[in-house]
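Readers should treat all values here as calculations from the given coordinates under stated rules, not as data from a laboratory. Computed from a predicted structure; not experimentally measured. All Cβ positions, even for glycine, are placed from backbone atoms using ideal geometry, and neighbour counts span all protein chains on display.
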């Protein structure tokens, strides 16, 4: 039973372009703060990074939602900022504030980063992937992931979450060659990091570009689309059959061009994307994934169910993976996730 | 010279659908913190609300950027939260934090609001419009404005700026009838408030829906698009020739449907909107306005100039108003605004 081939699993079939009568589903950030059993392990682990780098506990929290809700895919429990951490940029998580890094805003600060320690630092993450591969139910697809370079750079330059991304945008707009060196490093690091995940057993990878909406069109092209193209191209050389999902959150009408040119197999849609438009302009090009507003999962009831069914009806006629439009929020009642999963399992 | 007709001014001609060889321009939030002469008046006025409600000073800060940069339009200096203030919801501005209101989250709290005091409270704003009308250079169009109901409701329910708009979305998604009563009140209040601005001399009005991107598609339709439709419909009955601009920031691919169905003459595009797409899908329906990333105005130089020229070339072939994709940020060097204005005056 452990030997069901990747290509026979629902998620991979959808990403190969198959229209399935029962589309696969998973939820972004499905391992996380909405589950009491997660909070218990989190408390046991110490800090958030300690949990990311603890293969036993990271495996456990990845498996928890699969046991409860029976999704078709599990996504590795990790964080998009493990790459900067692995490159040598000091990283901390502060309660109530989120990630805090020592900002990198010039060539001197950039020159302190190095690929040398990446795999050592990320070793426990690769081990988590290997453990998951052997412990997951045989029909569940294992997804590896990384942040896309633009979003990772945004955190690296700002030093924390930001509303306006003033520093990173001023660097990217004002000194594109200098900023490009940081981005080049991130492209290389991301390829290496994802390759190790694939070597360890990840069957699909997703690139999260949470801050894609910060950039105007030519900058989106250069700093969101092109780095993803490069990563996809290099991964394809190494793993010709690896399905890859891109998530340029907030790309708006730019989703169509992203789907056309990024080279990915699937595109994850945020909850603002109109469904008819996605069906007509994006789904003919790639498999689409999405896009329930996570806030509807908090609200639950008829509002959630009606929207879930509308999404299924509109996008389910083509290659489609049901998901949220962004991550589950901590205050989501687990019983709403259970109800949605029940609807999606059909 | 004071009697140049509205319909002969560049901004109104563009909004009537004319393609102009030198498109008109103005900048969102052009009166504001990037100018030292503004900061001087602001300090003199006392609090931010004191400035909004002081016709002499509000007129002065509206005129300041016109004197410096020669834009084709002046926008009334005011704030989108003057409507809640006029409806009786206590409002304060706290330095470093922005607006703070006593949140309204249920029918009992909603029932405390009333239209009765709106015009008394907003009287000084209407007086500012009247003063501006007589003091503006004759070729400059006077723009009045209000927040669109969804965005105003978001502040009223959250009580302050919010990243996730959890409370207002949970109310809107979970109890649409109850939330609809707040929205109905805001539609009526907005029509009355804008009508008084038009009576006082506003030649164009703009509706700002800053948080349009918070909502998923059916909710965008109901809480962003429909209220704007109702406001436009009522204003058209009263002022058949009034040009109206809508700004559903972050509407993404939803901009096309908004342009098609909102009933507005112009649509303001945020900086993420791809220009070719806007030219092909939006500009055939309405005049487009936008969309330079305000951060490029901070950076200045070649990056700013190249993008400004790209916008002019792509959108200048049809009915078009040059603007930013959102408001000027405080740290913008005024000399960059001067340089951009010089380019735009041709």
Residues of region A:309-346 with backbone N under 20 Å of the label point set 7 Å from the Cα of residue A:43 along Cα→Cβ are A:330-335
At the level of C-alpha centres, the distance separating region A:104-166 and region B:151-192, in angstrom, is 38
For region B:1-58, averaging the sequence separation of alpha carbon pairs under 8 Å that lie six or more residues apart and dividing by its residue count, the contact order in percent is 15
Whole-percent tail of the Cα-Cα distance distribution for region A:136-236, cut at 15 Å, equals 62
Averaged over all viewing directions, the convex hull of the alpha carbons in the protein assembly as shown casts a projected area in nm² of 28.4
Out of B:258, B:322, B:69, a Gaussian network model of chain B with alpha-carbon springs under 10 Å gives the largest mean-square fluctuation to B:69
From fewest to most C-beta neighbours within 10 Å, the residues B:28, A:71, B:4 line up as B:4, B:28, A:71
Here the percent of antiparallel bridges among DSSP beta bridges lying wholly in chain A, to the nearest 5, is 15
Sorting from shortest, the nanometre distances separating the label point of residue A:166 (7 Å past Cα along the line to Cβ) from those of the same residue in the other copies are 2.7
Long-range share for region A:41-101, i.e. C-alpha pairs more than 15 Å apart as a percent of all pairs, stands at 56
Rounded to one decimal in nm, the spacing of the 7 Å Cα→Cβ label points at residue B:94 and residue B:107 is 3.2
Taking A:67, A:33 and counting other beta carbon atoms within 10 angstrom, the fewest-first order is A:67, A:33
Here the equivalent ellipsoid of chain A, derived from its Cα gyration tensor, has semi-axes (largest first, whole Å) of 29, 23, 20
Fewest-first ordering of B:295, A:39, A:105 by Cβ atoms within 10 Å yields A:39, A:105, B:295
Computed over region B:281-335, the relative contact order (Cα-Cα under 8 Å, seq sep at least six) in percent reads 53
If labels are modelled 7 Å from Cα along the Cβ direction, residue B:33 lies from its partners in the other copies at nm distances, smallest first, of 2.7
Hull volume per residue for region A:1-70, using the convex hull of the C-alpha atoms, in Å³ is 124
Scoring region B:6-345 by relative contact order with C-alpha pairs under 8 Å, at least six apart, yields a percentage of 22
As a percent rounded to 5, the proportion of antiparallel DSSP bridges among beta bridges in region A:87-235 is 45
Under the helix-only model (-39500 (n - 2.57) for each DSSP H run of 4 or more, divided by the residues of chain A), the mean residue ellipticity at 222 nm, to 500 deg cm²/dmol, is -15000 deg cm²/dmol
Note on region A:247-346, DSSP bridge orientation, antiparallel percent to nearest 5 equals 0
Axis carrying B to A; for chain B the Cβ-nearest residue and its rounded Å distance come to B:252, 1
Taking the label point 7 Å from Cα along the Cα-Cβ vector, the copy-to-copy distances for residue A:46, listed from shortest in nm with one decimal, are 5.6
Chain A, Gaussian network, Cα under 10 Å: of A:175, A:270, A:293, the residue fluctuating most is A:175
